[in-house]
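Structure record follows, encoded as structure tokens.
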Amino acid sequence: MKQKSSRRKTPPGSRSDPDKPYSHRSYLLINAVFAGIIILVFLYSAFFSPERNDYPVQCIHERVSGEPCPSCGLSRSFSYILQGDLESAAMANSYGMRIFLFFLFHLLMRLSNIMIIVRRKMYINQLVIADTSIAIITFILAFGQFFSYYLKLLF
């Protein structure tokens, strides 16, 4: 007669490390990916120059319609902001500073979330709720003008 083991089996896809539950690792990965994307956006803006106009990504809306959209000039605006030329940044895109601050805020929030997750192994549910609420509010504040622009085009 075999005796049953008192140890629980580890569910598929999770680690056997009880100190870091699967939800913590997933949330850590999500924050790391978002932080990495934001860093890439900033590196893109720092690497390409508005003076040389050598940005590889062109505005699809402008190429198709021939008219600029609210996002036209954001890359130039971000580049100017990183160079410290805020006046030129505002001229390149009037929403550039707002969008840049959105990305900067979220980069800092993602990095602080990573620190919280690594140092503390509890309160993940509260952190996710607060993070999601803050992300939705700041997204609407930063990108609301884009939604209103495209809604006006549709109606």
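Using a 1.4 Å probe on the protein chains only, how many percent of the accessible area of the stretch 46-155 belongs to carbon and sulfur? Using a 1.4 Å probe with all protein chains present, the stretch 46-155 comes out at 66 percent carbon and sulfur.
A cut-off under 12 angstrom between Cβ atoms defines the neighbours of M91, and their net charge, with Lys, Arg +1 and Asp, Glu -1, is -1.
Rounded, prolate or oblate for the stretch 68-155? Axes are the square roots of the Cα gyration tensor eigenvalues, ordered a ≥ b ≥ c, and the cut-off for rounded is a/c under 1.5. Verdict is oblate for the stretch 68-155.
Shape class of the stretch 26-125 from the alpha-carbon gyration tensor: prolate, with a/c at 1.5 or above and a/b greater than b/c. From most to least packed by mean Cβ count within 10 Å, the peptides 104-111, 134-141 give 104-111, 134-141.
The values are calculated or read from the model by the stated rules, or taken from the named source; none is laboratory data. Since the model is a prediction, treat every value here as computed from it, not as a measurement. Neighbour counts run over all protein chains shown; Cβ positions are idealised from the backbone, glycine included. Surface accessibility is based on the protein's heavy atoms, side chains included, excluding ligands, DNA and RNA. Shrake-Rupley method; radii C 1.70, N 1.55, O 1.52, S 1.80 Å.
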